[in-house]
Every structure is written in structure tokens, then in C-alpha cells.
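Written below as C-alpha cells is the structure these notes are about.
Bear in mind that the values in this text are calculations on the coordinates, not laboratory data. If you're wondering where the values come from, they're calculated on a predicted model, not measured in any experiment. Here the Cβ positions follow ideal geometry from the backbone for every residue, glycine too, while neighbour counts run over all protein chains shown.
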Amino acid sequence: MKAEKGLFDDDISKDASSGRPDLSEQNINREALPLDRLKNLEEKITVAVERVKALKEEKNLLEKKIKELETILNEKNQEIEWMRSEKNSIGNQLEELLQELDTLEI
């Protein structure tokens, strides 16, 4: 009767006569494949983590740049409003001066 394999039992079978692990190529290849897959998965996760870090850093830099540009935009909008106000003021002064000239000619 063959004993069932437990959760923590090795995948390597034992030679019935000696009780030592059977290190045949088949068993070694069976174990190497999952290790290779695990190593490959680990590398993919490492690359993904590095990419996420880089993207977060890039996002932070872009958010900072957006704030800087929004500040500049607000300053320019204030300048535009000031210039419009100044233009209206100058236009009103010119109209007053033209009206004074009209009254002088009469």
C-alpha cells in the first residue's frame, strides 16, 4: 500500500531498495520546470514593480508640471483682465479728450 503524499513532502520519489531519493533525469526535469516557471514569474513581477514605480514617479512629475502651468495660466489670465481694464480706461480717456476738442472747436 502506497502512502499518500502530504503537503510538505518532496516531489522527488525515493528508490524502494535504498530509500534514497531517485535522482533520475525525469524527476529532476519535473522539478526544474516549476522552478524555471517560478523564476520567470519572479522576473516578470520585478519588471512590473519597477515599471509601476517609474510610472508613479512620472505621474508625480507630470502633476507638478500641471500645477506650474496652471499657475502660469492664472497669472496670464490676470494680466489679460488687467490689460482689458486698462484698454477700457484709455478708451474712456480718449473719448473725454475728443469731446473736449469738439467743445473747443465750436
Extension reserve of the Asn77-Lys44 stretch, reckoned as 0.36 nm per residue once the Cα distance is removed: 7.1 nm
Find out how many positive minus negative residues lie around Asn74, taking Lys and Arg as positive, Asp and Glu as negative, among other residues whose Cβ is under 14 Å from that of Asn74. -3
